[in-house]
1. Between rounded, prolate and oblate, where does segment 117-203 land on the alpha carbon gyration tensor, with a ≥ b ≥ c its root eigenvalues, rounded for a/c under 1.5, else prolate if a/b exceeds b/c?
2. Suppose every Lys and Arg Cβ carries +1 and every Asp and Glu Cβ carries -1, with no other charges. What dipole size does segment 120-249 come out with about its Cα centre, to the nearest 20 debye?
3. Given 159/344; 281/344; 253/344; 159/284, which pairs have Cα atoms separated by over 20 Å?
4. Could you compute the net charge surrounding residue 42? Neighbours are other residues with a C-beta less than 14 Å from the C-beta of residue 42; K and R count +1, D and E count -1.
Amino acid sequence: METANQTASESQGAGQTLAPLCTVRCCGLLNRTLAVMFMVSLAFAIVVGNVVTLTVFMQTRHSRTPQGYLKVSLAIADMMVGVLVVPFSVYTEISLMVTSTPPLWYQGISTASLEGQSGPWQPCMLIGPVFAGCTFVSISTIFLMTVERSVAILRPLHKDTLVTRHRTLFLILLSWAGSFLLAMSPLMLSNSFTLEYNECSRMCNYAPLLIRNQLPPDANILLLFPAFDFSLLGGTLAVNILSFTSIRRYSRKRKLLSEGSLGTDAGAGGCPHRPSFSDIKAAKTIGILTFAFTASFSPIAVFVLGNVVGYTWCNFSFFAFWILTSNSCCNVIIYSVRDHRFRKGLTLLFQRDRPQPHSGKS
């Protein structure tokens with residue numbers, strides 16, 4: 001650890017990343033042990049929760065809808081984080097505790113020791129884009145789910161015509177392709193970035209290469225990430241406002257009808273296309289998903305903005321990245337609380353696994 005810090009801090013030439021700021025308080029043995037325990041628990045929760053989600057949606061017929069396919073896409077993106085991203089951080093942290101030599105993909109080592117050489121393949125070149133791409137897939141899928149629910153609420157008679165399975169699958173494939181293309185954009189559009197394991201965030205992060213201790217002129221490419229996410233989040237919020245406004249208008253008319261304030265003719269013509277209760281409940285659930293993702297992504301957006309400017313916050317970066325990672329196990333919790341179809345499918349799944357009592361004479 002000390003050798004890695006000295007190497008990164010003493011190298012002043014071009015092609016070096018920001019110097020590590022890890023201290024004994026944040027990178028001591030006790031801190032690393034607690035971090036590994038947290039990571040293992042989080043990986044277990046993400047994988048188990050999303051496997052249950054995928055099983056429920058694949059085993060129940062009523063889930064084979066456009067909304068169900070979008071939920072499957074979201075669960076796959078979350079599960080990839082629990083299968084690839086978090087276990088790699090666990091492996092690296094355990095390696096740092098067991099051995100005294102940092103791995104080649106560690107911060108300050110990948111660029112300082114391998115500069116100008118064709119060294120071994122760096123796993124962060126895979127793990128970093130996977131984490132970024134899955135994050136973009138999550139927010140784009142939530143946006144598509146919001147649009148799908150808004151069509152069901154605002155145009156219930158045209159829902160089956162506008163929102164079809166083929167269109168939904170095409171948009172899902174488009175979101176995956178666009179998300180991972182955006183995740184690779186800093187490496188494709190510039191030679192001033194690398195991917196290495198950051199000792200502060202305990203993850204594989206994009207790192208701008210310093211030129212004479214100065215950030216490269218195209219370091220603001222990383223702002224594409226928060227700009228993309230906040231643009232989709234803003235669009236999701238706007239669509240949610242339209243849906244909730246329609247729901248509120250419908251609820252007000254229904255209340256007036258129950259109180260007899262509206263006549264029969266007015267009531268029949270005032271709300272001819274009524275959204276179903278399940279559509280309203282699903283719209284509210286997606287609104288909660290949007291709020292949860294916005295709350296989990298905002299800290300990392302602040303970190304990326306500060307990193308582009310030139311600030312490096314060690315402790316804050318750990319909380320920012322792992323709050324976003326923890327969002328991958330929140331969706332199944334929200335489904336369990338809000339979606340009665342998911343709860344019903346979960347109940348049927350466990351009942352199906354139970355052995356049926358034998359009938360007949362004993």
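A short reminder: the numbers here are calculations on the coordinates, not readings from a lab. Remember, it's a predicted structure, so these values are computed and weren't measured experimentally. For neighbour counting, all protein chains shown are included, and Cβ atoms are generated from backbone atoms with ideal geometry for every residue, glycine included.
1. On the way: a/c = 3.96, a/b = 2.91, b/c = 1.36.
Judged from the Cα gyration tensor, segment 117-203 comes out prolate (a/c at least 1.5, a/b above b/c).
2. Numbers: 9 positive and 6 negative charges, 130 e Å.
For segment 120-249, the charge dipole is close to 620 debye.
3. Values: 159/344 24 Å; 281/344 15 Å; 253/344 31 Å; 159/284 18 Å.
Exceeds cut-off: 159/344; 253/344.
4. Details: positive: 202; negative: 78, 93.
Its environment carries a net charge of -1.
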